[in-house]
Amino acid sequence: MRRLIIIVTLLSLFFTFYLILAKKYPSPLSIQSMNKNGIEVDMPDNGLSKEDKHGKEAHEIISDMTLDEKIGQLIVGGIDTPELTEDTKKLLHTYKLGGFILFSRNLREPEQSLQLISDLKNENSHDQLPLFLSVDQEGGKVVRLPNLKPLKSNWEIGEFYQENIAFETGKVLGRQLKEFGLNMNFAPVIDINSNPDNPVIGARAFGSDKYLVSELGIEMMKGMHNENVIAVVKHFPGHGDTSIDSHEDLPKVDKNYEELNEIELFPFNEAINAGAEAIMTAHILLPNVDSQYPATLSETIITGILRENLGFEGVIITDDLTMGAILKTYEIGEAAVMAIEAGADIVLIAHQYENVIEVFNALKEAVKAGRLNEERVDESLFRILTLKGKYDIQDNVLKNINVEKLNKDIDNLYKN
């Protein structure tokens, strides 16, 4: 009897102690994660910060992914038509693409654009992770979304050095993308326009002063973030001092690292410190930094400078690998493998269905042959899925679009 009393007393003390701890450290809330089949599964919070939660979710998802699913997430592809086709469906279901970039060829009218974007989401929603849906909507002359009033170019904003206008312009750009159902913008340009003969940057830059470019670019980036749209700053390590258009051929910049660090790298370093989460690389050759490979394919530049020297931990996206700067020298599949080897997370393949397939097959073969370590692929997947989680990207379909309201936003922006 005495032994029984002692046992009951100990159990009571234990239970009381448990209740005290439970009150002090309550049971974690559950958060929703999605496995590869789109089924929601409960995961413990464990007191993690929001960023840590998304990372934990990413690890859980990666562990359940096939190799094809992993490779697909490393590709953002272009499509050639303004409507969903069988080829595009195949990119989703067979090649498991992680996202798309859309151009004026795809986005002709507001309602048609919304229909295409909705069709992509519907087609993807049942068996895959949600898509990055991206455009180049910079303002000025570089616009993709139809029937919208023009925004001032970055250069015009820079002439007045108005941080509030840069921020509000970023918010307007973010609302434009959200209204069309998009979630990623390849903007702002934070290149310093230091070469008057530059044929491709020009008015896309905020100016030729590194402080001005940094401050206005960061404000525009923050404006897009404010609207829950991913801003991809570009073009690392700086496309401003070139005299050749990388769409046509490979530009060369004869600066060493110290010179780059003084000028071109300054806005990127500032943007990283201000919370940049995605950066696009440039197709430029810097022979005094890496004499062999253009920046997009250079481990020295992507991993050595961007990751290690500048401490960037976010998503690195290549500029379009179908541009002349790359295709005049490399097969596109080989270029894609080299870019991932160098440290990029996503390869952008903006043109032609066949190019996307070639890149997918090359990346998959590189992993199977041991050239690309699958753990290296998982590193990129972790960054990609964490970013998708942070922005709560979903394949939710929008029913209508209010172009009139978007244009009123532009009128209000310049009213004063």
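The values are calculated or read from the model by the stated rules, or taken from the named source; none is laboratory data. The structure displayed is predicted, hence computed values, not measured ones. Backbone-built Cβ (ideal geometry, glycine too); neighbour counts: all protein chains shown. To get the accessible areas, we keep the full protein, side chains included, count just its heavy atoms, and leave off ligands, DNA and RNA. Shrake-Rupley method; radii C 1.70, N 1.55, O 1.52, S 1.80 Å.
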Expressed as a whole-number percentage, the relative contact order of the range 282-348 with C-alpha contacts under 8 angstrom and at least six residues apart is 37 percent
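Between the DSSP loop rule and a limit of at most 15 other Cβ atoms within 10 Å, which GluC sites (Glu not before Pro) in the range 284-338 are left?
E313, E331
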Of the listed links K90/K171; K234/K415; K121/K222; K368/K388; K56/K408, those spanning more than 31 angstrom between alpha carbons are K90/K171; K56/K408
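Contact order normalised by length for the range 200-304, with contacts defined as Cα pairs under 8 Å and 6 or more residues apart; what percent is it?
Normalised by residue count, the contact order of the range 200-304 is 30 percent.
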A 1.4 Å probe over the protein heavy atoms gives the range 173-330 a carbon and sulfur accessible-area percentage of 40 percent
Per residue, accessible area of the range 365-416 with a 1.4 Å probe, heavy atoms of protein chains only, in Å², comes to 59 Å²
Within the range 74-130, DSSP-loop trypsin sites (Lys or Arg not before Pro) with at most 15 other C-beta atoms within 10 Å are R105, R108
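Below 8 Å, C-alpha to C-alpha, sequence gap of six or more: please give me the relative contact order for the range 104-157 in percent.
On the way: 38 pairs, mean separation 19.6, N = 54.
After rounding, I find 36 percent.
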Answer in debye to the nearest 20: the dipole magnitude of the range 296-416 about its Cα centre, from +1 Lys/Arg and -1 Asp/Glu charges placed on Cβ, is 400 debye
